[in-house]
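Okay, so here's the structure we're looking at.
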Amino acid sequence: MRALTLYMTSLRKLGTSDLEVFPLSLGGNVFGWTADEAQSFAVLDAYAAAGGNFVDTADSYSAWIDGNVGGESETIIGRWVKARGNRDDVVIATKVSQHPDFPGLTAGNIKAAADASLRRLGTDHIDLYYTHFDKVDVPVEEIIGALDELVRAGKVRHIAASNISAERLAASLAFSEREGLARYVALQPHYNLVSRETYEGELQDLAGRTGLAAVPYFALASGFLTGKYRDGEVVEGARAAAGAGKHLETERGRKVLAALDDIAEAHLVPVATVALAWLAAQPTVAAPIASARTVEQVPALVKVAEVRLTEDEVTRLTEAASTVLPVATGEAAL
């Protein structure tokens, strides 16, 4: 009963849409990659049991793995939804532009890719359909026109954008408004405590002015913000060396970890929960995205629905994340 009550009271409206989502979106990038189908089902079950209803994937996940062709994540999610009979309870978000067989954002490609995603997901509609990476060689009019057709056909409920400039996003929104076409309701930026530059500023301001919900990816900085990577420890794993490891070498990374440790101890929650709670407290953010390879990783993620940081705690984390290393001079800078 407690889980159901928490679920009902913690949902957030996604921008100007009619979608209501859990404040932590479960990333599906690991499904079919570092988590096989059985592990993925277990993670999805644990997330749903905690009240989670917002699953994020892409048609390209995980084409980068030898033997994969893309769409493995969508296929696993589709099989899970069918097995559990819970399609109406799950908000499924997927993306277009990066699948090896459906690259780009031309009108024809968007529509063909959407049909392929629908087949893999085993559903007649996608709740939230993102342009995965903007393609500036395609006019926004063509992109929005194709997405609008999908909405009118009932294949997509709402549209969104990821990895897009403020200029192109503004042009897209203006075209939708001018022509009365489907309009982006959400934005998926790269954003977390130690990677703030891409989103804060023009994109965040535009989202705030236009009512877009932010659904940040890499919310835990490839695992760095879970606190499991520390000075003197060997960083291993599929993503750790390139993602988490680099933050260990910076003053900002060390200060952020120190602040996270103190605040996590005060709330009696894992470090990852606090990092996600900081994101959830930021203007425009509706639900950070984080993935889990095992069931044991799920509780720290969904706990964000229960944690509310104080204003002082948010400020402390923000200030720690604002630390900038002095610019090197002389030979050291070469």
Taking residue 125, is it buried (at least 19 other Cβ atoms within 10 Å of the Cβ) and modelled with pLDDT of 95 or more? no
1 or more residues open to solvent by 30 Å² or more (accessible area, probe 1.4 Å): qualifying helices (runs of 4 or more DSSP H) within segment 269-324: 298-302, 311-321
Counting only residues that are among the charged types (D, E, K, R) and open to solvent by less than 10 Å² (accessible area, probe 1.4 Å), which one in segment 47-79 is nearest to residue 300 (Cα to Cα)? 56
Quick check: anything in segment 177-186 in a loop (DSSP other than H, G, I, E, B), more than 25 Å from residue 33 (Cβ to Cβ), at pLDDT below 95 and not polar (S, T, N, Q)? no
Take the residues in segment 259-268 that are under 25 Å from the mean Cα position of the chain (by Cα) and open to solvent by 10 Å² or more (accessible area, probe 1.4 Å); name whichever of them is nearest to residue 222 (Cα to Cα). 261
With the requirement that a residue be under 20 Å from residue 13 (Cβ atoms) and either out of contact with any helix residue (DSSP H, G or I) (no Cβ under 8 Å at 6 or more places or on another chain) or at pLDDT below 95 (or both), what does segment 200-216 give you? 204, 207, 208, 209, 211, 215
Against the condition open to solvent by 40 Å² or more (accessible area, probe 1.4 Å) and either modelled with pLDDT of 95 or more or part of a strand (DSSP E or B) (or both), how does residue 168 come out, does it pass? no
Failed condition for residue 82, given (1) surrounded by fewer than 16 Cβ atoms within 10 Å (Cβ to Cβ); (2) over 17 Å from residue 121 (Cβ atoms): (2)
If you take the residues of segment 128-145 that are more than 20 Å from the chain's Cα centre (by Cα) and not β-branched (Val, Ile, Thr), which of them is least open to solvent (accessible area, probe 1.4 Å)? 145
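The values are calculated or read from the model by the stated rules, or taken from the named source; none is laboratory data. Quantities reported herein were computed from a predicted structural model and do not represent experimental measurements. Neighbour counts run over all protein chains shown; Cβ positions are idealised from the backbone, glycine included. Heavy atoms of the whole protein, side chains included, go into the accessibility calculation; ligands, DNA and RNA do not. Shrake-Rupley method; radii C 1.70, N 1.55, O 1.52, S 1.80 Å.
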